[in-house]
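Rule-based calculations on the coordinates, nothing more; no lab input. The structure presented is a predicted model; accordingly, all values stated were derived computationally and were not measured. Cβ placement follows ideal geometry from the backbone for every residue including glycine, while neighbour counts extend to all protein chains displayed.
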Amino acid sequence: MVSGMSRHQPMDRRLLLSMLSIGAAQALIGCANNHPAASPSPAPSTVGSTPTALGNTPVQLAAPRPAPPALPPVPPPHPGPPTVVSRASSRTRQIALTIDDGYDAQTVAGYVEFAQRSKIAITFSPNGAYSAIWNRHADVLRPLVETGQVQIGNHTWTHKDLLDHRTDAEIHADVERNEQWIQSTFGITSRPWFRPPYGSHNHHVDALVGELGYTKILLWNGSFGDSTLLTPEQLLALATRYLQPGTVMLGHANHNTILGLFAQVEQLIAQRQLEPVTLDTMFGTSRAVG
Ligand SMILES: [Zn+2]
């Protein structure tokens with residue numbers, strides 16, 4: 001396990017300390033650099049490989065599950081001009097918790113348990129690069145997806161920066177591969193919601209994913225700041241600051257600091273009379289339409 005853990009240490013100690021000293025300035029920065037997913041991912045042509053291969057286990061080879069009755073059929077893509085979304089568009093008590101990545105197994109498990117226990121609406125945008133971690137929770141998440149408590153967004157399979165010398169074909173493949181995994185694992189499409197890794201995008205990238213039906217480019221206007229490792233005090237300060245009406249709140253299932261703070265997050269939501277919702281509820285999209 002020790003060697004297994006080392007691949008989840010995304011930064012050296014000096015960098016980590018310097019980032020910690022930045023504190024709240026990290027709040028509105030997206031996923032940390034040196035993301036484990038930025039390392040070369042398994043080639044896509046691994047269908048039929050052994051189910052023990054990490055990170056590329058073909059979902060269709062996992063134990064077959066009965067088709068969920070409550071989910072609509074996956075709709076076709078609706079390509080179109082993209083719009084960038086970072087907050088609720090009207091006055092509301094709603095708040096959208098959006099949790100990305102998922103490279104720490106304990107943190108992913110903690111978020112899934114939190115969703116199941118609290119009934120709080122969450123939109124997860126996992127990377128298929130971490131499918132080995134997410135797949136083990138599919139049986140718990142699918143019923144929550146069926147009731148509409150949990151939604152799944154697209155954050156690419158690899159989590160590579162889309163502005164870092166990527167060809168159009170690579171970007172399309174990265175997004176589509178994640179979509180295929182989301183469909184087969186969670187039973188729904190992630191369209192039209194796309195969150196670019198690191199929040200890194202431009203008009204060209206937006207148009208590219210718009211061609212695939214991702215017409216909602218999801219950014220955020222509040223953050224737990226936990227794309228890097230924070231102390232509980234730092235994370236709670238950011239939660240206190242940003243859990244406000246209308247916020248699209250960014251968090252990451254990458255570091256376990258949040259696991260000791262779920263009760264405080266729930267308390268803030270209750271005290272402030274916030275209504276946690278999915279992106280579908282906040283913005284009027286639906287899994288039946290995509
Ligand atoms: Zn990310």
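Cα centroid separation, region 228-290 to region 124-149: 18 Å.
Here the residues Lys160, Lys119, ranked from fewest to most Cβ neighbours within 10 Å of their Cβ, fall in the order Lys119, Lys160.
Ranking Gln106, Pro126, Ser90 by how far each Cα lies toward the positive end of the dipole of region 89-131 (charges on Cβ) leaves Ser90 at the top. Distances between placed amide hydrogens fall under 5 Å for Asp100 paired with Ser125, Gly251, His252, Ala253, all partners being 5 or more residues away or on another chain. Using C-alpha pairs below 8 Å separated by at least 6 residues, the relative contact order for region 78-283 is 35 percent. Shape class of region 167-224 from the Cα gyration tensor (axes a ≥ b ≥ c, square roots of the eigenvalues): oblate, since a/c reaches 1.5 or more and a/b does not exceed b/c. Between Ser118 and Ala207, the simple label model (points 7 Å from Cα in the Cβ direction) yields a spacing of 4.1 nm. In region 78-283, the DSSP beta bridges split such that about 5 percent are antiparallel, to the nearest 5.
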